[in-house]
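First comes the structure, then the notes that go with it.
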Amino acid sequence: MRALDFDNTIYDGESPLDFYLFSIRYNPRVLRFIAPVIFHLVRYRRSRSSRADIERAIRRYIHAYLTSFDDIPAMVSAFWDTHMHKIRPWYEPRPDDVIMTASFNYTMEEVMRRLGVTRCICSTVDYDTLELIHLNFGDNKVKAFKETYGEGAVPDEFYTDNLVDLPMLRYARKGFLVRGNDVRPFDPRTRIE
């Protein structure tokens, strides 16, 4: 079994940011969320945000953001119509792949369907209340993987672009760091400062 991060690993960029920017054409009033989105994205990319920091920010804004739109599924479909080209060429889906991402279920379900991948552990928003249920981020990925596949399950390989996924890199039998289309083995004994 191969487990893979999605954003900046399989997908060229941060799909939540791309989706947010795409959504502005459906309702320009969501521009009011740009400052917190960029602030938290920069902190995340620099591995300076804890899961608790990200969770607080998402809980504060997600409901107001999502209720700004009339038809989220149609918007998601239109987004992937124009963004599937950002799936990196090195990624070829396999039947046993598990995508593990902090991206949300409301966007991931459609791209998973298009990729033909059936297993995804992602951040989840309740479709009825539009409230955050689960944030799949950092050390939470190992916990979510064990809860989904059992305590004894260990992925053969894990691919990511970011050392915020260090717990999952070390948990998998083999880890790989992805930079663009460059995929290199990660040594779990590597000391990270």
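Of note:
- Residue within segment 132-142 that is part of a loop (DSSP other than H, G, I, E, B), under 25 Å from residue 174 (Cβ atoms) and aromatic (Phe, Trp, Tyr) present: yes
- Test for residue 176: is it outside any loop (DSSP other than H, G, I, E, B), over 21 Å from residue 42 (Cα atoms) and in contact (Cβ under 8 Å) with a residue 24 or more places away in the chain: no
- If the condition is being hydroxyl-bearing (Ser, Thr, Tyr) and buried (at least 16 other Cβ atoms within 10 Å of the Cβ), then segment 125-161 contributes 149, 159, 160.
- For first residues located in segment 13-36 and open to solvent by 80 Å² or more (accessible area, probe 1.4 Å), partners that are of a type outside the set (S, T, N, Q) and lie 6+ apart or on another chain with Cβ distances below 7 Å form the pairs 26/69; 26/75; 31/24.
- Residue within segment 181-190 that is open to solvent by less than 10 Å² (accessible area, probe 1.4 Å) and on the phi < 0 side of the Ramachandran plot present: no
- All positions within segment 154-171 that are at pLDDT 95 or above and of a type in the set (A, V, I, L, M, F, W, C): 154, 158
- Residues that are among the aromatic types (Phe, Trp, Tyr) and on the phi > 0 side of the Ramachandran plot, drawn from segment 130-159: none
The values are calculated or read from the model by the stated rules, or taken from the named source; none is laboratory data. Not measured: the values here are computed from a predicted model. No Cβ is skipped: glycine too gets one built from the backbone with ideal geometry, and neighbour counts run over all protein chains shown. Quick note on the areas: whole protein, heavy atoms, side chains included, nothing else; ligands and nucleic acids left out. Shrake-Rupley method; radii C 1.70, N 1.55, O 1.52, S 1.80 Å.
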